[in-house]
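In what follows, a single structure is set out as structure tokens and then discussed.
No lab work stands behind these numbers, since they all come straight from the coordinates. All values reported here derive from a predicted model rather than from experimental measurement. All Cβ positions, even for glycine, are placed from backbone atoms using ideal geometry, and neighbour counts span all protein chains on display.
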Amino acid sequence: MGTVRIEGTGDEIAVGTIFCLGRNYREHAKEMGSEVPQEPVVFLKPTTALLDDGEPIRLPSFSSDIHHEVEMVVLIGREGCNIALADAMEHVAGYGVGLDLTARDLQAVAKAKGLPWAVAKGFDGSAPVSKFVRAASVPDPHGLDLSLTRNGEVKQSSNTSQMIFRVDQTIAWLSRIFTLTPGDLIYMGTPEGVGPIQAGDELVIALGGIVSAHFTVVGS
């Protein structure tokens with residue numbers, strides 16, 4: 001895929017770096033048996049992980065335990081380095097909703113050995129994402145309902161007010177380490193309720209009634 005769209009513009013925006021936050025909801029940290037972080041936990045995905053709304057999620061052959069993790073996704077619209085907290089929101093172009101698909105079996109092995117999560121998190125198609133809405137149309141990104149249904153049953157339901165690190169805090173923190181560029185995406189972490197998916201599942205993800213996406217899971 002390599003590109004995302006902002007609704008109402010028709011423009012396709014080339015994606016740069018995909019940043020992802022781990023453990024950004026306290027209840028998810030608890031369900032994973034992890035400590036609540038004192039600063040953002042960040043990992044990256046390649047652009048080949050992107051999957052557009054409506055495209056099938058193809059389960060990889062190398063894992064038998066792929067989990068869904070629904071997340072708000074922030075689209076960066078302006079370049080910045082060492083961005084001040086007060087200026088951080090000016091760098092946001094739009095908001096969407098996405099999935100951080102995780103090979104939980106491979107991640108567990110990597111964690112036990114103290115190894116990186118790149119394979120478990122960055123495989124092809126592991127970052128399904130919706131279209132985006134303009135940032136100006138979202139008065140408060142920190143009060144949006146976030147949900148995932150699997151075959152019509154709600155599996156994840158929370159609100160972005162529950163994020164440990166807010167959008168502005170995350171942008172300011174990331175920009176001290178990485179120069180943020182237009183087209184970068186930030187997956188803002190998942191709430192509790194993560195779980196396995198299998199071939200035949202129908203997944204619907206939604207953010208605040210402003211944007212949603214639908215994906216069908218197929219075998220490898």
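Assorted remarks:
- Nearest-20 debye value, segment 1-136 charge dipole, Cβ charges on Lys, Arg, Asp, Glu: 340 debye
- Legend: ranking of residues Lys45, Lys111 from fewest to most surrounding C-beta atoms inside 10 Å; resulting order Lys111, Lys45.
- Sorted by Cβ neighbour density within 10 Å, fewest at the top, the residues Val217, Val70, Val109, Val42: Val109, Val42, Val217, Val70
- Cross-link partners for Lys131 among the lysines, with Cα-Cα distance under 25 Å and sequence neighbours closer than 8 places in the same chain left out: Lys45, Lys121, Lys155.
- Based on every Cα atom in segment 1-45, Rg and the maximum pairwise Cα distance Dmax equal 15.4, 43 Å.
- The Cα-based radius of gyration of the chain, divided by its Kirkwood radius, gives an Rg/Rh of 0.93.
- Using just its DSSP H runs of length 4 or more, each adding -39500 (n - 2.57), the chain gives a mean residue ellipticity at 222 nm of -3500 deg cm²/dmol after division by all residues.
- Residue of Leu99, Leu85, Leu146 that the Gaussian network model of the chain assigns the largest fluctuation, springs spanning Cα pairs under 10 Å: Leu85
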